[in-house]
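Heads up: the structure comes next, in structure tokens.
The values are calculated or read from the model by the stated rules, or taken from the named source; none is laboratory data. This one's a predicted model, so the numbers in the text were calculated from it and none came from an experiment. As a convention, Cβ positions derive from the backbone with ideal geometry for all residues, glycine included, and neighbour counts pool all protein chains shown. All accessible areas refer to the heavy atoms of the entire protein, side chains included, with ligands and DNA or RNA removed. Shrake-Rupley method; radii C 1.70, N 1.55, O 1.52, S 1.80 Å.
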Amino acid sequence: MIRKVIVVGSGSAGLIAALAIKKKNPGLSVRVLSSKKIGTIGVGEGTVPFVLKFMHEYLGLDEAEAYRELDPVYKLGVRFTWGKRGYYDYTFSTHQHQLPVKGARQRSGAFVSGNSTRFDLPSAMMDHGIALPERSDGLPDLPPAGNLVAWHLENQKFIAWLEKEATKLKIELIEGRFTEVSLNDKGDVKGLQLESGALLKADFFVDASGFRSEIVNKALETPHVGFDDVLFCNRAVVGGWDREEEPILPYTTSDGMTTGWAWQIDHPERINRGYVYCPDHISDEEAEREFREKNPKLGEVRMVNFSSGRVENVWVKNVVAIGNAAGFVEPLEATAIMCACLQSKWLADGLAESERTPTPSIRKFYNRQVKRLWDEIRDFLALHYKYNNRLDNEFWRRCREDITLGEIEELVEFYQENGPTPLGAAIIDQDSPFGYVGYLAHLIGLGIPCSRRASNGKKAWEQITNHFSGLATKGMDMGAVREKLLKAESWKKIRK
């Protein structure tokens, strides 16, 4: 039976894992080993709605306190300047592109032309710079956690909040670095040799050591599975500037660039930008120059190197890798914190269900689930690249010609022959983090041709988009939402 757990790494992934394990297994001793010397990447973070559901429902963390501590921007989705359209939207609505249209057999996705927008309320709000609808009492109409909105976070604030919540659960935070992983005769980890000379012992370890993957990859020599045959970008130049008169955008932007893409993540006081690119096709100096030309307000920038891929098995012996130690892909769909939350939930539940005595079959199931998660994310991101025909240069031709789509190749073929019919949902796993409508957002947004287009019902479709646009204009921008929520003494009225 597991009695003592050590989490290696006090970034967001390590703290999320510690909180989940302790919350669902209160009898466990959970300690987090951190080193301030190592630090964190510290860029602006995007999330998906599941992160809010995990924090407030699964972990039970107070929503009002979280908002005051994090001061997040509510995120309705992502606006992509990819493909031949001016732009297209990817929202968190579960019915985007699947609304019935009066007088037509086809669903709403078949009617999209020009900019793919105003197809649901979140997209219409993005068009108008609106973060949330406004209630009759003047307060923002905030949807239940896990629905329609996510967060833009500042990483340092997020970690500080997670640390505070960890101390409330009596999770011990230990400062120090280890120099050696000590194994027993069976090859299990029995302890970590610290620089101070002490041996830190436990029954179970969580490797949240980031890209270094100190235990699972290095000490236990678990192979790394690279995604570089599908995802060609492995470098980013990151920067930003303090907000001046710019409105706070309630969504992430993803701009197509000559050899990759650039994000914009809005925070209340700052705008965070980054350019993810492929150094095979552009030098660091050229990438920075292009980045600065697009963003003349940029201050100092820094380069970040990364490698897309995952470890072959994240649960090896008595160690589980979580966060960047388990896998990493470029932040195109803000999946990093989502993956840490999903992995932590599966692990915490597995330990609780097995009464802290996990069986080989639980470990096998866990590894299979995590592999499926990372491999689907790889294929989902690959779709963004393969069908982006906005630019015709060496990099983008390579993406269109060389990228394979793995498991979702069947979905693309089905869409091309049948359009956005609900029948296509059967091809996507019901546990997909993106869902069928998430794939449709890109199939439609990128303008991938399909043989079945809308014939009747165009007037009814125009009425639908006008309806959403009219509702959106009555909402509140992020500045107004922030003023109301930060001043609220109690969230009982907000959540009534």
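Surrounded by 17 or more Cβ atoms within 10 Å (Cβ to Cβ), over 20 Å from the mean Cα position of the chain (by Cα) and touching a residue at least 24 places away in the same chain (Cβ under 8 Å): which single residue out of Leu381, Leu446, Leu373, Leu440 fits that description?
Details: Leu381 fails: over 20 Å from the mean Cα position of the chain (by Cα); Leu373 fails: over 20 Å from the mean Cα position of the chain (by Cα); Leu440 fails: over 20 Å from the mean Cα position of the chain (by Cα).
Just one listed residue meets the conditions, Leu446.
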Show the residue pairs that are 6+ apart or on different chains and have beta-carbon atoms under 6 Å apart, the first residue being within segment 342-356 and within 15 Å of Ser29 (Cα to Cα), the second being part of a helix (DSSP H, G or I) and modelled with pLDDT of 95 or more. Ala348/Ala20; Ala348/Ile21; Ala348/Lys24; Ala352/Lys24
Test each condition in (1) out of contact with any helix residue (DSSP H, G or I) (no Cβ under 9 Å at 6 or more places or on another chain); (2) at pLDDT 95 or above; (3) open to solvent by 10 Å² or more (accessible area, probe 1.4 Å) for Ile6 and report the one that comes out false. (3)
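Look through segment 72-98, keep the residues that are in a strand (DSSP E or B) and among the β-branched types (Val, Ile, Thr), and return whichever of them is surrounded by the fewest Cβ atoms within 10 Å (Cβ to Cβ). Working first, answer last.
Let us first name the residues in segment 72-98 that are in a strand (DSSP E or B), namely 73-75, 77-81, 88-91.
Cutting the leftovers down to among the β-branched types (Val, Ile, Thr) gives us 73, 78, 81, 91.
On the way: Val73: 26, Val78: 22, Thr81: 17, Thr91: 28.
That would be Thr81.
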From (1) loosely packed, with under 12 Cβ neighbours inside 10 Å; (2) at pLDDT 90 or above; (3) polar (S, T, N, Q), pick out the condition that doesn't hold for Asn466. (1)
Considering only residues that are β-branched (Val, Ile, Thr) and either touching a helix residue (DSSP H, G or I) at 6+ places or on another chain (Cβ under 7 Å) or without any contact (Cβ under 8 Å) to a residue 40 or more places away in the chain (or both), which ones fall in segment 413-437? Ile427, Ile428
Residue in segment 231-246 that is open to solvent by 30 Å² or more (accessible area, probe 1.4 Å) and either in a helix (DSSP H, G or I) or among the polar types (S, T, N, Q) (or both) present: yes
Give all pairs with beta carbons closer than 9 Å in which a residue from segment 475-486 that is open to solvent by 40 Å² or more (accessible area, probe 1.4 Å) meets a residue that is of a type in the set (D, E, K, R); count only pairs at least 6 apart in sequence or on separate chains. Arg482/Asp71; Leu486/Arg68; Leu486/Asp71
Among the residues of segment 153-174, is there at least one that is farther than 30 Å from Leu486 by Cβ and either in a loop (DSSP other than H, G, I, E, B) or without any contact (Cβ under 8 Å) to a residue 60 or more places away in the chain (or both)? no
When the residues of segment 183-220 are narrowed to those that are more than 12 Å from Ile6 (Cβ to Cβ) and assigned to a strand (DSSP E or B), which ends up least open to solvent (accessible area, probe 1.4 Å)? Gln193
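Only one residue in Gly210, Gly239 is under 30 Å from Ala262 (Cα atoms), of a type outside the set (Lys, Arg), touching a residue at least 24 places away in the same chain (Cβ under 8 Å) and in contact with a Lys or Arg (Cβ under 7 Å, 6 or more places away or on another chain), so which one is that? Reasoning before the result, please.
On the way: Gly210 fails: in contact with a Lys or Arg (Cβ under 7 Å, 6 or more places away or on another chain).
The match here is Gly239.
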Is it the case that segment 53-67 has a residue that's part of a loop (DSSP other than H, G, I, E, B), within 30 Å of Ala236 (Cβ to Cβ) and modelled with pLDDT under 95? no
Of the residues in segment 384-394, how many are surrounded by fewer than 20 Cβ atoms within 10 Å (Cβ to Cβ) and not basic (Lys, Arg)? 5
Listed by range, strands (runs of 3 or more DSSP E) wholly within segment 249-318 having at least 2 residues that are surrounded by fewer than 20 Cβ atoms within 10 Å (Cβ to Cβ) are 252-257, 302-305
Take the residues of segment 1-40 that are in a strand (DSSP E or B) and not β-branched (Val, Ile, Thr): which is farthest from Thr179 (Cα to Cα)? Ser29
Does segment 397-414 contain at least one residue that is touching a Gly at 6+ places or on another chain (Cβ under 7 Å), open to solvent by less than 10 Å² (accessible area, probe 1.4 Å) and aliphatic (A, V, I, L, M)? yes
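Within segment 354-366, is even one residue β-branched (Val, Ile, Thr), at pLDDT 95 or above and open to solvent by less than 10 Å² (accessible area, probe 1.4 Å)?
Filtering segment 354-366 for residues β-branched (Val, Ile, Thr) gives 357, 359, 362.
If we keep only those that are at pLDDT 95 or above as well, we get 357, 359, 362.
Filter once more, keeping what is open to solvent by less than 10 Å² (accessible area, probe 1.4 Å): none.
No, the conditions are met nowhere in segment 354-366.
Check Gly146, Gly83 and return the single one that is modelled with pLDDT under 95, in contact with a helix residue (DSSP H, G or I) (Cβ under 6 Å, 6 or more places away or on another chain) and not basic (Lys, Arg). Walk me through it before giving the result.
On the way: Gly83 fails: in contact with a helix residue (DSSP H, G or I) (Cβ under 6 Å, 6 or more places away or on another chain).
Going through Gly146, Gly83 in turn, just one is modelled with pLDDT under 95, in contact with a helix residue (DSSP H, G or I) (Cβ under 6 Å, 6 or more places away or on another chain) and not basic (Lys, Arg): Gly146.
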Out of Ala198, Ala236, Ala262, Ala208, sole residue that is of a type outside the set (Ser, Thr, Tyr), at negative phi and more than 22 Å from the chain's Cα centre (by Cα): Ala198
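Return the total of residues in segment 156-212 being among the polar types (S, T, N, Q) and in contact with a helix residue (DSSP H, G or I) (Cβ under 7 Å, 6 or more places away or on another chain). Can you show your working first?
The initial filter retains those residues of segment 156-212 that are among the polar types (S, T, N, Q), namely 156, 167, 179, 182, 184, 193, 196, 209.
Still in the list and also in contact with a helix residue (DSSP H, G or I) (Cβ under 7 Å, 6 or more places away or on another chain): 209.
Residues that pass the stated criteria total 1.
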